[in-house]
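Heads up, the thing below is written out as structure tokens.
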Amino acid sequence: MYSFKKPLSEYGKRVKIALMEQNRKQEWLISEIKNRYPDIYIDKSNLYKILVGEIKGGKVVEAINEILSL
């Protein structure tokens, strides 16, 4: 069985670079969103969809931008 990952969108690359610069992982980002914005639903699947460009807007993206100062 082949495993194919979709390429990161330009926004996804910016998020990944910001996380690396802060020495943080995606799990940390998910946790931060859940702690700061308990009304926003986020999990690994949603974050993946944001990073590859399947989800391009909304409260989660705004939260990511604020947390990572993008």
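It is to be established whether one or more residues within the stretch 58-68 are without any contact (Cβ under 8 Å) to a residue 12 or more places away in the chain, open to solvent by 90 Å² or more (accessible area, probe 1.4 Å) and more than 12 Å from the chain's Cα centre (by Cα).
no
What are the residue pairs meeting all of these: first residue in the stretch 37-49, first residue within 12 Å of VAL61 (Cα to Cα), second residue open to solvent by 40 Å² or more (accessible area, probe 1.4 Å) and β-branched (Val, Ile, Thr), Cβ atoms under 7 Å, and 6 or more apart or on different chains?
ASN46/ILE55; LYS49/ILE55
Within the stretch 8-32, how many residues turn out to be open to solvent by less than 100 Å² (accessible area, probe 1.4 Å) and touching a helix residue (DSSP H, G or I) at 6+ places or on another chain (Cβ under 8 Å)?
The qualifying residues number 14.
Of the residues that make up the stretch 35-42, is at least one of a type outside the set (Ser, Thr, Tyr) and crowded, with 17+ Cβ neighbours inside 10 Å?
yes
Examine the stretch 6-20 for a residue that is without any contact (Cβ under 8 Å) to a residue 24 or more places away in the chain and under 12 Å from ALA63 (Cα atoms), and state whether such a residue exists.
Within the stretch 6-20 (the criterion being without any contact (Cβ under 8 Å) to a residue 24 or more places away in the chain and under 12 Å from ALA63 (Cα atoms)), the answer is no, since none of the residues qualifies.
The values are calculated or read from the model by the stated rules, or taken from the named source; none is laboratory data. Keep in mind it's a predicted model, so treat the numbers as computed, not measured. We place every Cβ from the backbone using ideal geometry, glycine too, and count neighbours over all the protein chains shown. Accessible surface is based on the protein model in full, side chains and every heavy atom, while ligands, DNA and RNA are left aside. Shrake-Rupley method; radii C 1.70, N 1.55, O 1.52, S 1.80 Å.
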